[in-house]
Structures are given as structure tokens and as C-alpha cells.
Amino acid sequence: MLLIFLSNDVSSYKVKHLTQETSIIAHLQRIGLLESDCIYIDFGAGKGTLSHLLQSCSGGANILVDRQNV
């Protein structure tokens, strides 16, 4: 179970992303893919928040891929 506590100064943008990330994690857990022996590849990782949450919840390995436009 993942609990996230938000302070009053959190922007709606951050709330939107946290909602999406926790939904992804909940779906992975529901279908049995939130296991420590899994490797997660996060394409478009950005700041790596989703991968950080996955690591916290599963202990699995993460590969983060993000390509910055040059």
C-alpha cells in the first residue's frame, strides 16, 4: 500500500503526476508485476519520480531512459 501525504502548497500539476504515478503502481500490483525480481524500464523518465516510487514499493531494479532534445 502506498500512502502519499500532500501539503497545502502542492501545485495541481504535482497532484496530477502523483495521481498518475500511484495509479500505475496500483495497476502493477493488481496484476502481480510489483515484484523484487522484476526490472522496470522507464522511458521518458524525466526526474525519475515513478522509478523512485517503484523502487520503494518493489525493490526491483530500474533502468531510466530519458533523451533531452538538443
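The values are calculated or read from the model by the stated rules, or taken from the named source; none is laboratory data. Remember, predicted model here, so these are calculated numbers, not experimental data. All Cβ positions, even for glycine, are placed from backbone atoms using ideal geometry, and neighbour counts span all protein chains on display. The area values use the complete protein model at the heavy-atom level, side chains included, leaving out ligands, DNA and RNA. Shrake-Rupley method; radii C 1.70, N 1.55, O 1.52, S 1.80 Å.
Just give me the residues in the stretch 10-41 being over 12 Å from the mean Cα position of the chain (by Cα), on the phi < 0 side of the Ramachandran plot and open to solvent by less than 90 Å² (accessible area, probe 1.4 Å), in sequence order.
Selection gives Val10, Ser11, Val15, Leu33, Glu35, Ser36, Cys38.
When both residues are 6+ apart or on different chains and their Cβ atoms are under 8 Å apart, which pairs have a first residue that lies in the stretch 38-52 and is free of Cβ contacts under 8 Å to residues at least 60 places away in the same chain and in a helix (DSSP H, G or I), and a second that is open to solvent by less than 30 Å² (accessible area, probe 1.4 Å) and small (Gly, Ala, Ser)?
Ser51/Ala45
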